[in-house]
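Only one structure is covered here, and it is reproduced in the block below.
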Amino acid sequence: MFQSFGPDDFLSSRCIWVNGPVIVGAGPSGLAVGAGLKNQGVPFIILERANCIASLWQKRTYNRLKLHLPKQFCQLPNFPFPEDFPEYPTKYQFISYLESYAKHFDINPHFNETVQSAKYDETFGLWRVKTISTGGPNPIGVEYICRWLVVATGENAEKVAPEFEGLQDFGGHVTHACDYKSGQSYSGERVLVVGCGNSGMEVSLDLCNHNANPSMVVRSSVHILPREVFGKSTFELAVSMMKWLPLWLVDKIMLILAHLILGNTEKYGLKRPSMGPLELKNTAGKTPVLDIGALDKIRSGEIKIVPGIKKFSRGRVELVNGQTLEIDSVILATGYRSNVPSWLKEDEFFSEEGFPKNPFPNGWKGKSGLYAVGFTRRGLSGASLDAISVAHDIAKCWKQETKHKKTSSDARHRRCISHF
């Protein structure tokens, strides 16, 4: 969240000139851009509101999480995963990989520094990035002045928590999936999981494995695919087929294979969308669920499928079909959103939803030195492609503008004599 401070709260304020880009966000996207710039000898700084890299992975994911795709589709540029890592690394292995990545490229973000606003100054042709630094005993206001700004805060910066009638009167434990770690504390409880994406499915499966009784709200249609087909990654198979076949045909083949392996999911209350899984991902950014065991629990009745919510009351929920369930806890697996509109004072490149207006693969570059990485809705591989493009483009501009030959250097900053 973005905090507000009054002028009296500041011990001091500083203005810093950056001889290179400012990158906002120290997740995989920001690190990948930083690594590309390091290789080109371009100085930069990375601003990160949390106290660690990849805070989404470190602080807002459940313990059992593994990468949904094989590791070769998730590695960042110029740094493969260790050979001894499994095909689907755990979240802890992925965090370890990212920490090794930052160390290998000598990337040192400015932690505990929350961007309040970023605005392009037309008069000077520079970006003004205002932050609050909370790493010390008192908050400090800092303004960075730079020629290039890279937005790398990603698609999942803030949780989405819908409002439901009567939820404040429910009385039981309510949490978002970003704060869920394990089903251990829910043993024996009746838990309503709101949402049927990958998080909702995996949380429900984890609850089952810890002897809880989950009911999962499925409000709309959802594509469920097997994670693997005949021992090969479903995603890898789709990527291979798309080199030779049109997308609509690949979708048809994927759905036939899913039906052969998983059977008819509609009889369990899991209706498929009319649009194919790959087309839906490309047009609406909606990711298909890759099944890792939840479907078996749904078939057996251990995970119950229920329709949308009408309202909550004390210890219970009324559904849109009139059914009432007695429940002990609620977990909102209702997803995340971009937070870019809350701090970037610009409306030409980014939409109101906080995504680049130009579709992939042309959504990485705006005007006036503005760039975006990690908004492709194509996972880590999409972010890596954008990071390579952004780093190359900035390096080219930086070398032209500074007439600077490639050197390996740390970011060099000068303190401004005064504010612009």
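What the table shows:
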{"read-out": "Failed item, numbered, when Thr114 is tested on (1) among the hydroxyl-bearing types (Ser, Thr, Tyr); (2) over 25 Å from Ile16 (Cβ atoms); (3) in contact with a Ser or Thr (Cβ under 7 Å, 6 or more places away or on another chain)", "value": "(2)"}
{"read-out": "Residue in the stretch 392-405 that is part of a loop (DSSP other than H, G, I, E, B), open to solvent by 90 Å² or more (accessible area, probe 1.4 Å) and at pLDDT below 95 present", "value": "yes"}
{"read-out": "Considering residues of the stretch 183-199 that are at pLDDT below 95 and under 22 Å from the mean Cα position of the chain (by Cα) only, the residue surrounded by the fewest Cβ atoms within 10 Å (Cβ to Cβ)", "value": "Gly197"}
{"read-out": "Where a residue in the stretch 333-352 is at positive phi and part of a loop (DSSP other than H, G, I, E, B) and its partner, wherever it lies, is among the aliphatic types (A, V, I, L, M) and modelled with pLDDT of 90 or more, with Cβ under 8 Å and at least six apart", "value": "Gly335/Val160"}
{"read-out": "Matching helices (runs of 4 or more DSSP H) fully within the stretch 16-127 where at least 3 residues are surrounded by 17 or more Cβ atoms within 10 Å (Cβ to Cβ) and aliphatic (A, V, I, L, M)", "value": "28-40, 91-104"}
{"read-out": "Some residue of the stretch 149-158 being modelled with pLDDT under 95, open to solvent by less than 10 Å² (accessible area, probe 1.4 Å) and part of a strand (DSSP E or B)", "value": "no"}
{"read-out": "Conditions (1) over 25 Å from the mean Cα position of the chain (by Cα); (2) modelled with pLDDT of 95 or more; (3) closer than 27 Å to Ala157 by Cα; number of the one not met by Gln168", "value": "(2)"}
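The values are calculated or read from the model by the stated rules, or taken from the named source; none is laboratory data. Treat the numbers as computed from the prediction; the structure is a model and nothing was measured. Cβ coordinates were reconstructed from backbone atoms using ideal geometry, including for glycine residues, and neighbour counts include every protein chain displayed. Heads up: the accessible areas ignore ligands, DNA and RNA and are worked out on the full protein's heavy atoms, side chains in. Shrake-Rupley method; radii C 1.70, N 1.55, O 1.52, S 1.80 Å.
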